[in-house]
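The next block holds one structure in the form of structure tokens; read it before the comments.
The values are calculated or read from the model by the stated rules, or taken from the named source; none is laboratory data. Just so you know, these numbers come straight off a predicted model, no measurement behind them. Reconstructed Cβ throughout: ideal geometry from the backbone, glycine too, with neighbour counts over all protein chains shown. Accessible surface is based on the protein model in full, side chains and every heavy atom, while ligands, DNA and RNA are left aside. Shrake-Rupley method; radii C 1.70, N 1.55, O 1.52, S 1.80 Å.
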Amino acid sequence: MNKQTTAASPQYEVIIIGAGVAGIYQLYRLVELGFHTTVLEAAGGLGGTWYRNRYPGCRFDSESYTYGFSFSKELLQEWDWKERFSGQPENLRYLNHVADKFDLRKHMQFNSKVESAHFDEDRNLWRLHLEDGRELTCRFVVTGLGLLSAPTLPRIEGMESFKGPSFHTYYWPHEPIALAGKKVAVIGTGATGVQVIGEIADKVAELTVFQRRPNWCAPLNNGPISPSEMAAIRARYDEIFETCLRTPGGFEHEPDRRGFYEVTADERRALWDRLYGEPGFGIWLSNFREIFMDEAANAEFSEYIAAKIRERVTNPVIAEKLIPKDHGFGIQRVPLETCYYEAYNRDNVHLVDIQETPIERITPTGIRTSKRDYDFDIIVYATGFDAITGSYDRIDIRGVGGQRLRDKWADGPVTFLGMQISGFPNFITVAGPQSGSASTNFPRGIEVGVEWVTQLLAYTRKHGFTRMEATPEAEARWTQHVVKMYSTMLMRKAKGWFTGYNSNVAGHEHGKVRYLVYNGGAPKFRATITQVAEENYKGIAFR
Ligand code: NAP
């Protein structure tokens, strides 16, 4: 049994869980206002996603200069992004630079994994139990758990028996792994697998990709940022962030507001040719809005991308295997790639379609499919995450009456604004399921969420409230709104993490939609939460 804290008041006003992009900024804001706070981080360092994911090829697919924090002009002016889509090592350096610049590290506790968080109704505080045996108490918990921080491995017989290194991409070892001369297997072709495959294809002896379902991928078109380009970016930071605030996804990419059917097929093609050659998510987000909602429009555009894949992959049989047949472009998260399709033109790269020849087991020396045995030195599992709610499910979170959050969310999350949960007072999920951050260029959504949370905490302090909680009515209304937003989107039919599908998680494998993300766009989300604040946080009950 853990020792109980007996002091009447909690040790901290606020405990932030997670030292990633959200936790860092939340900490900055609360320290600024003089809150007594600390960050608990399970990993050995700060950075969240950018601390964990160290696989080759790991990089932004948001333009670097739209991913950095916007809150400090000094920070913006002193940091040079060297690539349009910066790689993981640089991104981690950036986040460490931010923490050091604003002297935040002293408020962070690393290797401090929270195992449980229980609400003490008598004292209106949270008791957090850590893996190392400590118990900490606080009035408010703010979670910055990330969207994709609960990695999931497949359930394949024999996985433990493999003699060589094998790991999920999230746990790619920190020490360098020698790839030269090695036979490597990659299982999974989501955004992560696509980055790894493109990066290592020419660095290993043999690369064998085990693909269950292909994804629609498009070129990242990365490149260096020269000093003069960086100077030009600096000069227009205000404009860049204003644009990001205006667009649905928090990027510089704005939707093409002409109607899909108002322009000719040639005009559509001209737009697509331009976007395919441009950097980043323009091909997805600067497209016609009908692509997301209209089957026929989506099919025409998907066929355009299929033709690109056929052009880029020389073997027509392989090309067909790489073209998704069960969903259209952009209704699952689009992986952006660098030489991904060209990798399959190499003699040392092989594609195994595991719908045709399923994996039967992992053997001590490799992988056995229904057709044959393969020998490998290294097996990489790029098999994804139990998205958004997974990292909450992995903590034993109990609210009023001992109700477990994972039980409450068993059929999918229900929230107020993605940031509050009825029955879980004083518990704030800054980038939780159904929040605006979950479907935008992450830091852009995060800054909006953190600022709202900061004002909310300042409001409770000003009024001397010790307890706040979303009302069940407000929660039901918001969740219904989130569900309704899905109903207009083709996305609702997809088997990807946007709908909570994961074949490796019990209960999430049947494709029953879990309403994880808010699809109303960043401006609408911001307007909604601003209005809630202006109406004295209507929907939240204070005591
Ligand atoms: P993912 O998109 O969920 O892809 C997982 C892949 O593993 C899929 O191809 C899936 O096949 C396959 N898979 C899962 N279980 C399997 C099994 N039991 N047997 C065989 N194959 C299996 O995960 P991810 O690639 O890690 O990407 C997750 C998200 O992380 C992305 O959507 C993106 O939001 C984020 N991400 C961002 C960046 C970036 O910003 N640059 C880079 C990487 C990732 P099925 O499709 O058939 O399920």
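Filtered by the rule that a residue be in contact (Cβ under 8 Å) with a residue 60 or more places away in the chain, more than 7 Å from the ligand (Cβ to nearest atom) and open to solvent by less than 20 Å² (accessible area, probe 1.4 Å), region 492-501 gives 494, 500. The residue that is least open to solvent (accessible area, probe 1.4 Å), counting only those in region 138-163 that are away from the ligand (no atom under 15 Å from the Cβ) and of a type in the set (Lys, Arg), is 139. Answer yes if at least one residue in region 469-484 is part of a loop (DSSP other than H, G, I, E, B), within 16 Å of the ligand (Cβ to nearest atom) and either in contact (Cβ under 8 Å) with a residue 60 or more places away in the chain or buried (at least 24 other Cβ atoms within 10 Å of the Cβ) (or both), and no otherwise. Within region 469-484 (the criterion being part of a loop (DSSP other than H, G, I, E, B), within 16 Å of the ligand (Cβ to nearest atom) and either in contact (Cβ under 8 Å) with a residue 60 or more places away in the chain or buried (at least 24 other Cβ atoms within 10 Å of the Cβ) (or both)), the answer is no, since none of the residues qualifies.
Residue-by-condition table, conditions (1) surrounded by 14 or more Cβ atoms within 10 Å (Cβ to Cβ); (2) touching a Lys or Arg at 6+ places or on another chain (Cβ under 8 Å):
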site: 317; (1), (2): no, no
site: 324; (1), (2): yes, yes
site: 363; (1), (2): yes, no
site: 369; (1), (2): yes, no
site: 383; (1), (2): yes, no
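For region 186-203: of the residues being touching an Asp or Glu at 6+ places or on another chain (Cβ under 9 Å) and aliphatic (A, V, I, L, M), which is most open to solvent (accessible area, probe 1.4 Å)? Only one residue tops the list, namely 191.
Against the list (1) crowded, with 20+ Cβ neighbours inside 10 Å; (2) more than 16 Å from the ligand (Cβ to nearest atom), the condition residue 387 fails is (2). Considering region 313-339 alone, what residues qualify as being over 25 Å from residue 249 (Cα atoms) and either of a type in the set (A, V, I, L, M, F, W, C) or under 21 Å from the mean Cα position of the chain (by Cα) (or both)? 313, 317, 318, 319, 322, 323, 339 - these are the residues of region 313-339 that are over 25 Å from residue 249 (Cα atoms) and either of a type in the set (A, V, I, L, M, F, W, C) or under 21 Å from the mean Cα position of the chain (by Cα) (or both). Residues that are more than 30 Å from residue 67 (Cα to Cα) and polar (S, T, N, Q) within region 272-319 comprise 314, 315, listed in sequence order. Just checking, which of 523, 433 is within 30 Å of residue 335 (Cβ to Cβ) and outside any loop (DSSP other than H, G, I, E, B)? Matching residue, one of 523, 433: 523. Scan region 144-180 for residues that are in a loop (DSSP other than H, G, I, E, B), within 18 Å of residue 383 (Cβ to Cβ) and either of a type outside the set (A, V, I, L, M) or within 23 Å of the chain's Cα centre (by Cα) (or both) and the total you get is 16. If you go through region 95-124 and keep only what is farther than 29 Å from residue 65 by Cβ, open to solvent by less than 60 Å² (accessible area, probe 1.4 Å) and out of contact with any Asp or Glu (no Cβ under 9 Å at 6 or more places or on another chain), you end up with 119, 120, 124. Among the residues of region 211-220, those identified as within 20 Å of the chain's Cα centre (by Cα) and either part of a strand (DSSP E or B) or more than 13 Å from the ligand (Cβ to nearest atom) (or both) are 218, 219. Test residue 91 against the stated conditions and say whether it is open to solvent by 20 Å² or more (accessible area, probe 1.4 Å) and either outside any loop (DSSP other than H, G, I, E, B) or within 28 Å of residue 384 (Cα to Cα) (or both). Judged against the criteria, residue 91 is not a match. Restricting 181, 188, 133 to residues that are within 16 Å of the ligand (Cβ to nearest atom), more than 22 Å from residue 467 (Cβ to Cβ) and of a type in the set (Gly, Ala, Ser) narrows the list to 188. Confirm whether residue 455 is open to solvent by 50 Å² or more (accessible area, probe 1.4 Å), assigned to a helix (DSSP H, G or I), touching a helix residue (DSSP H, G or I) at 6+ places or on another chain (Cβ under 7 Å) and more than 30 Å from residue 154 (Cβ to Cβ). Criteria met by residue 455.
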